[in-house]
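Working notes, beginning with the structure itself.
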Amino acid sequence: MHSLISKRAVVAGDPWVRLEGGAGDAPPATDLLVPLRTWLDARDRLLDRCGRVGVQLEPGDDPALLAGDVECLPLVAVHFPALTDGRGFSIGRLLRERHGYQGELRATGPLTRDALFYLARCGFDSFELREGEDPAAALSEFDAFEAVYQGAVDRGAPFDRRAPAAADAA
Amino acid sequence: MYQYDTIDRSLVRNRVDQFRRQTERFLSGALTEDEFRPLRLQNGLYVQRHAPMLRVAIPYGMLNATQLRRLAHIARTYDRGYGHFSTRQNIQFNWPALARVPDILGELAEVDMHAIQTSGNCIRNTTVDHLAGVAPDEVLNPLVYAELIRQWSTLHPEFAFLPRKFKIALSGSPEDRAAVMVHDIGLKAVFDYDGRPGFTVVVGGGLGRTPIIGHVVREFLPATHLLTYLDAILRVYNLHGRRDNKYKARIKILVKELGVAEFRRQVEHEWSFLEGGPGTLPPSEIARVDARFTRPAYRSLPQVSTGLERHLRDDAAFARWVARNVHPHRMSGYAAVTISLKKTGVPPGDITAAQMDGVADLAERCSFGELRVTHEQNLVLADVERDALFRLWTGLTALDLAAANRGLITNVIACPGGDFCSLANAVSIPVAAAIQQRFDDLDYLHDVGEVDLNISGCMNSCGHHHVGHIGILGVDKNGQEWYQISIGGRQGPDASLGKVIGPSFARADVPDVIERLVEVYLRERDSDAERFIDTVQRVGVEPFKRNVYALVDQ
Ligand code: SF4
């Protein structure tokens, strides 16, 4: 079982349930994480449920398809099949910086603590870690670097030579 | 040279600590081999044929004497007493122990060096003209922009895991000594009508299995927009570059598959959101980085040095070295000097720890304590008083580093090949040595004149054989080492790719084949001034082919 970090803390239980099968099969009161396709096909029906709905993006998905939905989604998850598939980093920044998404942005997949620093800079604030990875020990990796060069989600102005913004983003 | 500030330093130190933790987790089993691989690669650590190989970054080829002495110390302490300069202006150590690599990185950090992003699928070291800042033909000193790119690309959170490695080249002069046409992104300095500095942006060039000359994506990009435009290109590539086949994953394939027009449209679309945004370079930032470069305190000197003239008359070997290895300088009375690492019998680019120490001393005595690494695997002292050339040459002779072959056929550019690299089809270093031996006669060598000869041990083309006037590529024929030979490649503003002359050759035949090619050139050239490459261009490949394969058919 994977573990979960959110807002720089270890989270015990994950309220979100992945939808298996069609949108009609969903138990009404659960918080559902659905694939982009399902969301686009059954948006209104999903929103009528009493549980919350989040969208799971795959690395090939175009985040612009959620541009009109950023206000009503409490969770967008981006799947990283492996750390080396870096598309999700761009997707995270696009959701935050271009589409103005402000809800929870979660990185999913077989990740280790080594991804956290980059992910947080790209706007992610919750993280699945693969089984066997110690989430409490992983937390210090958010502070692996005292300073950075570029602007990113955590830090708009790249040239004022200061440390990445602390806990407020991640 | 750029001087680190506290932020540069903290970042490099933090990186060493992070990699130490990662190495420990790998050695304890907490990280799998597959998980550790991308992490170690981004810290310059390959696993190759005999042992791990550590590639240390030399940002845009600039190095100071203190750093070179530290590299010598590392070669002695952690390796077998030598290092190897690669065609990427970096240095490689072939024998470090994995568990000690964090210590090596710690030693490097003390002298403001690192191995960050020297391999892996990320933005690599920027290639810059090795005569940057001193070449008389330069229109813009590219070093400040190279440093800005270094900072922008270092630990870029969005582009750490690209489809494939990514290399940027930057040239400040029309001569283009940085090979901008054959990089993922090439930037050529230009000025617009108002005299504003900027760059022509070339994308999608590259060597490797599918050699392609890059395409101009933007004729003029004002320098202030450099980093946002790079962000736009990289984002299009990161999202859409192929990840299903590593041989099709470079940006050149994306540009080819989309077509240049569509690729340009996507980049410009992406850039429309970034243009003028926070990543735009304010003049104050360019000035800030510029101010962190030390500048040589040149003396005002006459152009002609009488002492030098006398030595040139009296000493033929010195005169030969000056003719080959000394280059003009924009300052009167100064010269730039190539230190050839291509002595016959020494693997191209190899240098011993003692030689590194010796060169560091000479750099301090004769060239403001700085030096550069060239993509031809040589070193350059960029700011030598012409009066000091003889003293420098004497010092280099004592170090066995005075080979007078810059630009000649024995200045072989070769990848490590099958002796070290596990991807190789064939060895390259012994082939280089055999060719150097064949051209050992100095009069003959100088009569043949300028020839770029490049050797790669496989299609990955680390020896840049496509752009050699003569290119040699190791191929595998039923488990045997064979060599395919091409001619007519060249670097520079009119870069072109060599043409294969025909079926490949056994290793033992290669020196004969090269000699045959040179024979045709000597017979066909219209004067001493016509170089090998010019003759190939004028008469075509046919006469060369005929002469070579007549040999094989006998
Ligand atoms: S060209 Fe091939 S053999 Fe040579 S170093 Fe590169 S990968 Fe290895």
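Which translational diffusion coefficient, to the nearest whole µm²/s, is obtained for chain B from the Stokes-Einstein equation, given a Kirkwood hydrodynamic radius over C-alpha pairs, 37 °C and 0.692 mPa s?
Translational diffusion coefficient: 136 µm²/s.
Give the share of C-alpha pairs in each 20 angstrom bin for the protein assembly as shown, from 0 to the last occupied bin, in whole percents, shortest bins first.
For the protein assembly as shown, the binned pair fractions read 17, 48, 28, 7, 1 percent.
Round to the nearest 10 and give me the degree value, 0 to 90, for the angle of helix A:36-48's Cα axis relative to the longest principal axis of chain A.
Relative to chain A, helix A:36-48 is tipped by roughly 70 degrees.
So, by mean Cβ neighbours within 10 angstrom, what's the order for A:36-44, A:125-133 with the highest one leading?
By packing density, highest mean first, the sequence is A:125-133, A:36-44.
Can you work out the FRET efficiency for the pair B:E219 and A:R37, with r the C-beta to C-beta distance and R0 = 56 Å, to the nearest 0.05?
In this case the efficiency is close to 0.85.
Mind giving me the FRET efficiency for A:A147 and B:N460? R0 is 45 Å, r the Cβ-Cβ distance, nearest 0.05 is fine. The partial results should precede the final answer.
Values: r = 35 Å, r/R0 = 0.78.
Efficiency, rounded to the nearest 0.05: 0.80.
Scan around B:I455 for amide H atoms under 5 Å from its own, H built in the peptide plane at 1.01 Å from N, and keep only partners 5 or more places away or cross-chain.
B:I413, B:A414, B:C415, B:I472
For region B:127-291, what is the largest minus smallest coordinate of the Cα atoms on each principal axis, given in angstrom and ordered from greatest to least?
Principal extents (largest minus smallest coordinate, Cα): 44, 33, 31 Å.
For peptide B:8-19, how many partner chain Cβ atoms fall within 10 Å of a residue's Cβ, on average?
3
Could you work out what % of the accessible surface of the protein assembly as shown is carbon and sulfur, using a 1.4 angstrom probe and leaving DNA, RNA and ligands out of the count?
51 percent
If you count, for each residue, the other Cβ atoms within 10 Å and average over each peptide, how do A:69-75, B:222-228 line up from highest to lowest? Could you put the intermediate results ahead of the total?
Values: A:69-75: 14.9, B:222-228: 20.4.
Top of the packing list down: B:222-228, A:69-75.
What do the square roots of 5 times the Cα gyration tensor eigenvalues come to for region B:338-441, in whole Å, largest first, as semi-axes of the equivalent ellipsoid?
Ellipsoid semi-axes (Å, largest first): 27, 15, 11.
Where in region B:72-103 are there trypsin sites (Lys or Arg not before Pro) that are in a DSSP coil and have at most 15 other Cβ atoms within 10 angstrom of their Cβ? Intermediate results must be reported in sequence, preceding the final value.
Working: sites: B:R76, B:R80, B:R88, B:R100; in loops: B:R80, B:R88.
Counting only loop positions with at most 15 other Cβ atoms within 10 Å, the trypsin sites (Lys or Arg not before Pro) in region B:72-103 are B:R80.
Taking only the C-alpha atoms, wrap a convex hull around region B:306-398 and report its volume per residue in Å³ as a whole number.
97 Å³
Going by the alpha-carbon gyration tensor, a ≥ b ≥ c the square roots of its eigenvalues, is region B:498-554 rounded (a/c under 1.5) or, if a/c is not under 1.5, prolate (a/b greater than b/c) versus oblate?
Prolate is the answer for region B:498-554, as a/c is 1.5 or above and a/b outweighs b/c.
Place a point 7 Å from the Cα of B:E110 along the Cα-to-Cβ direction; which residues of region A:109-150 have their backbone N under 16 Å from it?
none
Just tell me how shielded A:87-97 is by partners: mean number of partner chain Cβ atoms within 10 Å of each residue's Cβ, no decimals. If you can, show how the numbers build up before the last one.
Working: counts 9, 4, 10, 10, 3, 2, 4, 5, 0, 0, 4.
Mean number of neighbouring Cβ atoms from other chains: 5.
Hey, what's the Cα Rg ratio for region B:441-486 versus the globular rule of thumb, 2.2 N^0.38 Å?
So the Cα radius of gyration is 1.37 times the expected 2.2 N^0.38 Å.
Over the alpha-carbon set of region B:6-109, divide Rg by the Kirkwood Rh and report the Rg/Rh ratio to two decimals.
0.95
Sorting check: for B:504-510, B:156-162, which peptide has the highest mean count of neighbouring beta carbons within 10 Å, and how do the rest follow? Show your work: numbers first, answer last.
Working: B:504-510: 17.0, B:156-162: 24.1.
Ranked from most to least packed, the peptides come out as B:156-162, B:504-510.
Amide H neighbours of A:V53 under 5 Å, counting only residues 5+ apart in sequence or on other chains, H built in-plane at 1.01 Å?
Excluding prolines and chain starts, which carry no amide H, the hits are A:L32.
What would the Debye formula give as log10 I(q)/I(0) at q = 0.11, 0.21, 0.22 Å⁻¹ for the alpha-carbon point model of region B:413-553, no solvent?
Taken in order of the listed q values, log10 I(q)/I(0) reads -0.36, -1.34, -1.45.
Suppose all protein chains stay in the model; what accessible area per residue would a 1.4 Å probe give for region B:127-291, in Å²?
33 Å²
Under unit Cβ charges (Lys, Arg +1; Asp, Glu -1), what dipole magnitude, rounded to 20 debye, does the protein assembly as shown have relative to its Cα centre?
The dipole of the protein assembly as shown has a size of about 340 debye.
Assuming 1.002 mPa s and 20 °C, estimate D for region A:43-170 with Stokes-Einstein, Rh taken as the Kirkwood radius over Cα pairs, in µm²/s.
Roughly 140 µm²/s, to the nearest whole number.
What per residue convex hull volume, in Å³, comes out for region A:1-114 when only alpha-carbon positions are used?
115 Å³
Residue by residue through B:232-242, how many Cβ atoms from other chains fall within 10 Å of the Cβ on average?
3
Pull out a ≥ b ≥ c, the square roots of the eigenvalues of the alpha-carbon gyration tensor of region B:76-136, then state rounded if a/c is under 1.5, prolate if not and a/b is larger than b/c, and oblate in the remaining case.
Working: a/c = 2.01, a/b = 1.72, b/c = 1.17.
Note, shape of region B:76-136 comes out prolate.
The values are calculated or read from the model by the stated rules, or taken from the named source; none is laboratory data. Fair warning: this is a prediction, and the values are worked out from it, not measured in the lab. Note that we place each Cβ from the backbone using ideal geometry, even for glycine, and neighbour counts take in every protein chain shown. Note: areas computed on protein heavy atoms with side chains; ligands, DNA, RNA excluded. Shrake-Rupley method; radii C 1.70, N 1.55, O 1.52, S 1.80 Å.
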